[in-house]
2 protein chains.
Amino acid sequence: MRVTIADVAREAGVSKTTVSRVVNLKGEVDGSTAARVREVIAQLGYVPSSGAVGLARGSSRTVGMLVPSLTWPWMGELLQGVVDTVEAADYGLLLFTCNRGADSVERFTTQVSARAFDGLVVIEPENTLHRLTALHRSGLPIVLIDDRGHHPDFPSVVTTNHEGGASAARHLRAAGRTRPLVVTGPRHFGCVRDRLAGFRSVLPEGPVVDGDFTELGGRLAVEGLLAEGVEFDSVFAHNDVTAAGVLRALRTAGRRVPDDVAVVGFDDIPMAEHTEPPLTTVRQPTRQMGEAAARLLLGHLGGAPAPRRPVTLPTELVVRRSAP
Amino acid sequence: MRVTIADVAREAGVSKTTVSRVVNLKGEVDGSTAARVREVIAQLGYVPSSGAVGLARGSSRTVGMLVPSLTWPWMGELLQGVVDTVEAADYGLLLFTCNRGADSVERFTTQVSARAFDGLVVIEPENTLHRLTALHRSGLPIVLIDDRGHHPDFPSVVTTNHEGGASAARHLRAAGRTRPLVVTGPRHFGCVRDRLAGFRSVLPEGPVVDGDFTELGGRLAVEGLLAEGVEFDSVFAHNDVTAAGVLRALRTAGRRVPDDVAVVGFDDIPMAEHTEPPLTTVRQPTRQMGEAAARLLLGHLGGAPAPRRPVTLPTELVVRRSAP
DNA sequence: CTGAAAGCGCTTACAG
DNA sequence: CTGAAAGCGCTTACAG
């Protein structure tokens, strides 16, 4: 049978109130009384029921995390950052995904109303910002990890997409490249517009092809341009997966990397080290973004005021052989 | 303010008992009464507090998941399998990691005693089997996803490591390779011993080098053997990350893959498609293993008897260019 | 078919 | 310094 606070109280010859005070270090308790209670607690192996504590206190000491997918290449690092921070603060982490669209968001909203968690870290699933805003207005603390370049009403963590694009361009320009091809991600993502604008601010010339963040997209972009006879001496792909497709298409076409064409990606996912040649890329501080988001949320739950501007973490150019 | 069952009862002019019956579809309730209650529920937006329900019922409708790390390459797929299954059953998923050793396991054990979840899916962190066994004995339903070849007292999900190794060997033999190099993982993992034994049952000859599941390990193994002048016409690496190191070392040494040396990995992580050449590998059904583990646990929570033998999901050889 | 009451395991004014 | 009692929001015998 489960050991309850009543068992401890009886065994120690005190009231439940006193046991509670000892457990929570709240209020004055006589030294010897406290010692006796602690002894009984250890002896019985008493651990307060999180459910009962939550009900009595009106909070669950748990934060929720909502992600569109767990299989995206940078998700593991991000999640690890969140989990580490949350666990260090003795909170639990309730994980939700919404890869089945409206249905799962519905289900999720129910969990919110059920008060299953005190606050939420979210990577925005497409077209959910208005729902999240509604939840936030109704009192749920939310922090957004923004990979799309949105600017919601609630706190968010972003990276320097514009500067990241610019740094890629500066690196290519310094290497003497003048005719870059840009393979973008979906244009309706704010981050894509920022990366492109940053790149263009340094290297305004050269073709642009719309990609879709997939390997195939990168491959088709390069194949198409080569077929048309369009020349370029470098490629800036808006994510690493696309860059992998670019590398493959170039190899198939007999173009040497980096001699004929230098290639730069974005993200620095684990794969980037293992392409041939290894990929020069703009690193997103994914893990740190997760940590920052969790810290922001925990701080807010602890009463700290929410920052009015997005928390911005810098990208970093990682130079490997595809663009030395 | 939060809407409670009392609010609904008052508004509908019935008792809390009746509201509870309507919500949980339990016991007889007059049709028109039920309809009225449902109307009020919808109108007030009532959602039962998960904490209170859990306390009253003695269960949390939440399962825990304990993983050693979230950044391992196949963890995303596995987690997605677990989450999808758990969410579909209307359970919550509480995520724990234990990358800080004993401390985090301690913290985790506390959560168990706090009854924060009803059952546990676990990927075994090193040296924790005895603790898990103790938790299981004390009444916590546990399902192990076993990547190590253990055989615990509680239900587990495994893949066919022996047959996977054998299939790699058959594939190489059919391609006329006779002098394979095997680069293993850590020898104390049961899965490593199984993969090796399976491979050896088909191709008993050739050198074996101990690896450690890292890229560097694979690279060093090949470099060492080439330096010693040991000849081999193929490599079976015990995971894909090691195989990536093998490919790199071979390329550096000027050996062509697959012409001079064919390479087969294990796992089929996302990277395997993107190495040069793309990697032939023994696919672990990671996502399905997650799904199976979650189903097993949910079934057990629902009263189904636990299977006495590990649930075994088959590996599958995925042929790409590194070993056609 | 329906409800009053006890109970789940805690916390927290309030009173002493 | 300590405790009795109410309350958190539910569920579930039990009685009618």
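Defining a contact as two alpha carbons under 8 Å apart and six or more residues distant in sequence, what relative contact order in percent does the stretch B:5-48 show?
On the way: 32 pairs, mean separation 18.6, N = 44.
Rounded, it is 42 percent for the stretch B:5-48.
Pairs of Cα atoms under 8 Å, at least six residues apart: use those to get the relative contact order of chain A, whole percent. Spell out each step's value before the answer.
On the way: 593 pairs, mean separation 55.4, N = 324.
17 percent.
Near the amide H of A:L181, under 5 Å away, which other amide H atoms are found, from residues 5 or more places off or on another chain, if H is placed in the peptide plane?
A:D233, A:S234, A:V235, A:F236
Looking at the stretch B:267-324, which trypsin sites (Lys or Arg not before Pro) are DSSP coil and have at most 11 other C-beta atoms within 10 Å of their C-beta?
B:R308
Show the residues, 5+ positions off or on another chain, whose built amide H is closer than 5 Å to the amide H of A:I142.
Those lying under 5 Å, H to H, from A:I142 are A:L120.
Given a 10 angstrom Cα cut-off, can you work out which residue in A:L25, A:L95, A:L132 is the most mobile in a GNM of chain A?
Fluctuation is largest for A:L25.
Within 10 Å of each Cβ of A:228-236, how many other protein chain Cβ atoms are there on average?
For peptide A:228-236, the averaged partner shielding equals 0.
Where nothing but the Cβ of Lys and Arg (+1) and of Asp and Glu (-1) is charged, how large is the charge dipole of the stretch A:135-269 around its Cα centre, in debye to the nearest 20? If you can, show how the numbers build up before the last one.
Details: 15 positive and 18 negative charges, 32 e Å.
In total the dipole reaches around 160 debye.
Please give the length that would be gained between A:A227 and A:R107 if that part of the chain were fully extended, namely 0.36 nm times their separation in residues minus their C-alpha to C-alpha distance (nm, one decimal). The partial results should precede the final answer.
Values: separation 120, 0.36 × 120 = 43.20 nm, distance 4.82 nm.
38.4 nm is the gain from fully extending A:A227 to A:R107.
Stretch B:H150-B:L301 to full length: gain in nm at 0.36 nm per residue minus the Cα-Cα span? Display every interim value, and only then the final one.
On the way: separation 151, 0.36 × 151 = 54.36 nm, distance 2.31 nm.
Length difference between fully extended and current span is 52.0 nm.
What does the average come to when, for each residue of peptide A:65-72, you count the partner chain Cβ atoms lying within 10 Å of its Cβ?
Per residue, the average neighbour count from other chains is 4.
For a test of the definition: using alpha carbon positions, the gyration tensor, and the 1.5 limit on a/c, classify chain A as rounded, prolate or oblate.
Prolate is the answer for chain A, as a/c is 1.5 or above and a/b outweighs b/c.
For B:116-124, what's the mean count of beta carbons from other chains sitting within 10 Å of each residue's beta carbon?
Mean number of neighbouring Cβ atoms from other chains: 1.
Per residue of the stretch A:56-65, in order, report the coupling 6.51 cos²θ - 1.76 cosθ + 1.60 (Karplus, θ = phi - 60°) as ³J(HN,Hα) in whole Hz, putting x for Gly and Pro.
5, 8, x, 8, 9, 6, 9, 10, x, 9
Within the stretch B:119-164, report the trypsin sites (Lys or Arg not before Pro) that DSSP leaves as loop and that have at most 10 other Cβ atoms within 10 Å.
Details: sites: B:R131, B:R137, B:R148; in loops: B:R148.
Here no loop site has a sparse enough neighbourhood.
Around B:G92, which amide H atoms from residues at least 5 apart in sequence, or from another chain, sit under 5 Å from its own amide H, with H modelled in the peptide plane?
B:T62, B:V63
Calculate one ³J(HN,Hα) per residue across the stretch B:160-170 by plugging θ = phi - 60° into the Karplus curve 6.51 cos²θ - 1.76 cosθ + 1.60, and present them in order as whole Hz with x for glycine and proline.
With the stated coefficients, the stretch B:160-170 comes to 8, 5, 5, 5, x, x, 5, 5, 4, 5, 4 Hz.
Using the Karplus equation 6.51 cos²θ - 1.76 cosθ + 1.60 (θ = phi - 60°), what ³J(HN,Hα) coupling, rounded to whole Hz, does each residue of the stretch A:234-247 give in order, writing x for Gly and Pro?
The phi angles translate into 6, 9, 10, 9, 6, 8, 5, 4, 4, 4, 4, x, 4, 4 Hz.
So what's the net charge close to B:A221: Lys and Arg +1, Asp and Glu -1, counting the other residues with Cβ under 12 Å from its Cβ? Kindly include the intermediate steps, with their values, before the conclusion.
Values: positive: B:R219, B:R248; negative: B:D210, B:D212, B:E215, B:E223, B:E228.
With Lys, Arg at +1 and Asp, Glu at -1, the net is -3.
Just to verify a number: what accessible area does B:K26 come out at with the full protein assembly present, 1.4 Å probe, Å² rounded to tens?
Rounded to the nearest 10, the figure is 120 Å².
Using label points projected 7 Å from each Cα along Cα→Cβ, tell me how many nm separate B:V208 and A:A134, to one decimal.
Once both label points are built, they end up 6.1 nm from each other.
Listed highest first by mean packing, meaning other Cβ atoms within 10 Å per residue, what order do A:36-46, A:261-271, A:237-247, A:210-220 come in?
Output ranking for A:36-46, A:261-271, A:237-247, A:210-220: A:237-247, A:261-271, A:210-220, A:36-46.
The values are calculated or read from the model by the stated rules, or taken from the named source; none is laboratory data. Given the structure is predicted, the values throughout are model-derived calculations rather than measurements. Here the Cβ is made from the backbone with ideal geometry for all residues, glycine too, and neighbour counts use every protein chain on show. Remember, those area values only see protein heavy atoms, side chains included, never the ligands or the DNA or RNA. Shrake-Rupley method; radii C 1.70, N 1.55, O 1.52, S 1.80 Å.
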